Amino acid sequence: MKSENNPTLYWSLLKYKDWNFYIASTSKGLMFVGSQNKPFEELSEWAMKRLPGSSLVEDVEKLEPYALEITQYLEGNRRNFTVPFDYNGTPFQNVVWNALCEIPYGHTMSYSDIANVINKPAAVRAVGAAIGANPVLITVPCHRVVGKNGALIGYRGGLEMKTKLLNLEKQGYSSNK
């Protein structure tokens, strides 16, 4: 029997046009969105580190609501996500990740902006570390965080993926004004 500390992780490979990445959830909500075109090991290694003892079970049907909203986003038809999340972070990480969800579609903020939003202006490096630990790419929009000078820096999914996401939002934002 699984304990609350060892939830089953349900996963599937989301494929949409040239986007391919693994997504995973628990029974409580979305827990992982992987990097573009990375192997299954990205998910399995993350799960072993963050949720040791949890089993990984492929379940396309259970992941369908999450895949649908992410696909709608990639099509330019969704700006916000309504699916539940099951963050597995520290209290500080959860505060940072929630702040990321408040960055409007098509906009960016700097790491120091996020530190100020959470009332921890001296914690820019800790904010950066929390953003780097975000396990749910796209849906918790860490791609919207840039350097203080606007430069594209740091993204678990790689700068190519970050650039594609920002360009997608720029196109969607300008066409819906």
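The values are calculated or read from the model by the stated rules, or taken from the named source; none is laboratory data. What you are looking at is a predicted structure, and each value in this text was computed from that prediction instead of being measured. Reconstructed Cβ throughout: ideal geometry from the backbone, glycine too, with neighbour counts over all protein chains shown. SASA here: full protein model, heavy atoms, side chains in, ligands and nucleic acids out. Shrake-Rupley method; radii C 1.70, N 1.55, O 1.52, S 1.80 Å.
Think of the chain as a dipole: +1 on every Lys or Arg Cβ, -1 on every Asp or Glu Cβ, centred on the Cα centre; then among SER55, VAL117, GLY106, VAL117 lies furthest on the positive end.
Note: relative contact order over the chain, using C-alpha pairs below 8 Å and six or more positions apart, is 21 percent. Given +1 at the Cβ of Lys and Arg, -1 at the Cβ of Asp and Glu and no other charges, the dipole of the range 22-108 around its Cα centre is 260 debye to the nearest 20. A Gaussian network model of the chain, with springs between Cα atoms under 10 Å, assigns the largest mean-square fluctuation among LEU43, LEU51, LEU100 to LEU51. Remark: accessible surface ordering of PHE32, PHE81 (largest first) is PHE81, PHE32, probe radius 1.4 Å.
Taking a straight Cα-Cα cut-off under 20 Å and skipping sequence neighbours fewer than 8 places away in the same chain, the lysines within cross-link reach of LYS17 are LYS38, LYS162, LYS164, LYS170.
Using a probe of 1.4 Å on the protein chains alone, the accessible area found for CYS101 is around 50 Å². Looking at the chain, the DSSP beta bridges with both ends there are about 60 percent antiparallel. Only one residue of ASN94, VAL127, ASN6 has its Cα farthest out toward the positive end of the dipole of the chain, where Lys and Arg carry +1 and Asp and Glu -1 on Cβ, and that residue is VAL127. Under a model in which nothing but the beta-carbon of Lys, Arg (+1) and Asp, Glu (-1) is charged, the chain shows a dipole of about 560 debye around its Cα centre. In this structure, the amide hydrogen of PHE32, modeled 1.01 Å from its nitrogen in the peptide plane, lies closer than 5 angstrom to those of ALA24, counting only residues at least 5 positions away or on a different chain. Heavy-atom accessible area of TYR105 with all protein chains present, probe 1.4 Å, nearest 10 Å²? TYR105 has an accessible surface of roughly 20 Å² with all protein chains in place. By the combined test of axial Cα extent (at least 18 Å) and Kyte-Doolittle hydropathy (mean at least -1.0), the qualifying DSSP H helices of the chain come to 60-74, 159-175.
Once all protein chains are placed together, ARG78 keeps about 50 Å² accessible to a 1.4 angstrom probe.
Protein heavy-atom surface of the range 47-142, 1.4 angstrom probe: 53% of the accessible area is carbon and sulfur, with nucleic acids and ligands not counted. Taking every alpha-carbon pair under 8 Å whose residues sit at least 6 apart, the range 3-100 reaches a relative contact order of 30 percent.
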